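The values are calculated or read from the model by the stated rules, or taken from the named source; none is laboratory data. Keep in mind that what you see is a predicted model, and the values were worked out from it rather than measured. Cβ sites come from the backbone with ideal geometry, for glycine too, and all protein chains shown count toward neighbours. Side chains are part of the model used for accessible areas, which takes the heavy atoms of the whole protein and leaves out ligands, DNA and RNA. Shrake-Rupley method; radii C 1.70, N 1.55, O 1.52, S 1.80 Å.
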Amino acid sequence: MSKYAERTTVSSDQSKAEIERTLSRYGATGFMYGWDETSAVIMFKTSERQVKFALPLPDRNDRAFTHTEVKKERRSPESTDKAYEQAVKQRWRALALVVKAKLEAVETGITGFDQEFMAHIVLPDGRTAGEVMIPEIALSYETGDMPPMLPAPGGD
């Protein structure tokens, strides 16, 4: 199965700028991003919520980048960089699509903001709702027990 935008010519910087413009158009009141070698992060603020998306970046040393697909021969450093950058561009295009689709779904009334962005909403302790709830959901399915309620902000 092919990946969305796997052959894109749109740069990562253009996708980041598109995300920022999209967020602004839909009423975001703040935007930031950062990265390290393993992931990039975008965060935005609305009047009531802060939202964070972590974008996992591929491993530059993965064989998918260091070796050719057909003959499995070692690529040149330039070819390795090109293959890696293409994978990064693809991920940024996919993130731009996700953000735009979620905002449009909210805008047209298909879903609500909290329902659409729930896993990415930043809680008062700095973790996202997904970071808190996903392990609890998994545990609930394993044990059949309901997860505990979220603690009050500042509580234990």
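So which pairs qualify, if the first residue must be in region 80-94 and in contact (Cβ under 8 Å) with a residue 12 or more places away in the chain and closer than 12 Å to S12 by Cα, the second must be of a type outside the set (F, W, Y) and in a helix (DSSP H, G or I), the Cβ gap must be under 7 Å, and the two must be at least 6 apart or on different chains?
These pairs meet every condition: V88/S12; K89/S12; W92/S12; W92/S15; W92/K16; R93/S15.
Give me the strands (runs of 3 or more DSSP E) completely within region 1-93, filtered to those with at least 1 residues that are in contact with a Gly (Cβ under 9 Å, 6 or more places away or on another chain) and open to solvent by 80 Å² or more (accessible area, probe 1.4 Å), ordered by residue number.
Hits in region 1-93: 39-45, 50-56.
Can you name the residue in region 107-135 that is surrounded by 15 or more Cβ atoms within 10 Å (Cβ to Cβ) and without any contact (Cβ under 8 Å) to a residue 12 or more places away in the chain and is also nearest to G30 (Cα to Cα) among such residues?
Looking at the filtered set, the residue picked out is A129.
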